[in-house]
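Everything below concerns the one structure shown next.
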C-alpha cells in the first residue's frame, strides 16, 4: 500500500495539461491568420485571432490563447493543481472487484 501512496505522491508533482480546444482548431486559426490582408496589421491579425478563439473561452484564457497564436505558437496550458485521491475503503474495493468481474465475466 505504501508503494502505491509513494507513486501517487510522485504523480501529483507532474503538471497536467488542460485542453480548452482541439489542437487542430488552434492550427486552423493560426494558419488562417497568415492571410496577406491580416499580415499588414498586427491589430487586424490580433482581432482575427480573438474572434477565432472567442467561443467557449474565459477572458484570461482567451488572452493567453491570442498571445500564443500571435507568437505563432499553439497554446499549451499546464495545471499544477491536480489532486489525485485514491479510495481504498472496503466498499470501494468491493465495487472495483464487482466491475472487474463483470468485465471479465
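All of the numbers you see were taken from the coordinates with simple rules; none came from a lab. Note that the coordinates shown come from a computational prediction; the quantities given were computed from them, not determined experimentally. As a convention, Cβ positions derive from the backbone with ideal geometry for all residues, glycine included, and neighbour counts pool all protein chains shown.
Pairs of Cα atoms under 8 Å, at least six residues apart: use those to get the relative contact order of the chain, whole percent. Walk me through the intermediate numbers first.
Details: 63 pairs, mean separation 37.5, N = 105.
Answer for the chain is 36 percent.
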If you stretched the chain out fully between residue 104 and residue 28, how much longer would it get, using 0.36 nm times the residue separation minus the C-alpha to C-alpha distance? 23.1 nm
Mean projection area, nm², convex hull over Cα of the chain: 10.2
Using the alpha-carbon atoms, what tilt in degrees (0 to 90, nearest 10) does helix 59-70 show relative to the longest principal axis of the chain? 60
Among 95, 46, 32, which one shows the highest mean-square fluctuation when the chain is modelled as a Gaussian network with alpha-carbon springs under 10 Å? 95
Estimated distance in nm for a label pair at residue 93 and residue 70, the labels positioned 7 Å out from Cα along Cα-to-Cβ: 5.6
